[in-house]
Ligand SMILES: [Zn+2]
């Protein structure tokens, strides 16, 4: 499953993608002189949308990997630390 942040990223990406398609459609109704600029703009907006969708999908995968490793709980102060950390972020003692 993709995380909530990833889903928002994908939805925004799809909206931007559709917006890009609308710009492309709009450019077709313009005189050829102006159409080129709108075609480039529409293309860029579509690419931006695709990038957001891909980033959103990747965020979900990354989050799943992080969740796989449980946080390390400090024996001294009881605060949660990232699985990769060697020292406690709150009191500074060695936790590994
Ligand atoms: Zn601590």
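Annotations for the structure displayed:
- Where a residue in segment 68-80 is farther than 13 Å from residue 96 by Cα and its partner, wherever it lies, is assigned to a loop (DSSP other than H, G, I, E, B) and near the ligand (Cβ under 7 Å from one of its atoms), with Cβ under 7 Å and at least six apart: 77/88; 77/90; 77/91; 79/88; 79/90
- Contacts under 7 angstrom Cβ, first residue in segment 1-26 being without any contact (Cβ under 8 Å) to a residue 24 or more places away in the chain, partner surrounded by 15 or more Cβ atoms within 10 Å (Cβ to Cβ) and in a helix (DSSP H, G or I), 6 or more apart: 23/38; 23/41; 23/42; 23/45; 24/39; 24/42; 26/38
- Any hit, segment 45-58, residues being on the phi < 0 side of the Ramachandran plot, surrounded by fewer than 12 Cβ atoms within 10 Å (Cβ to Cβ) and modelled with pLDDT of 90 or more: no
- If the condition is being surrounded by fewer than 16 Cβ atoms within 10 Å (Cβ to Cβ) and assigned to a helix (DSSP H, G or I), then segment 25-34 contributes 25, 26, 28, 32, 33, 34.
- Restricting segment 78-94 to residues that are over 29 Å from the mean Cα position of the chain (by Cα) and not in a loop (DSSP other than H, G, I, E, B), the residue that is surrounded by the fewest Cβ atoms within 10 Å (Cβ to Cβ): 94
The values are calculated or read from the model by the stated rules, or taken from the named source; none is laboratory data. These numbers come from a predicted model, not from an experiment. No Cβ is skipped: glycine too gets one built from the backbone with ideal geometry, and neighbour counts run over all protein chains shown.
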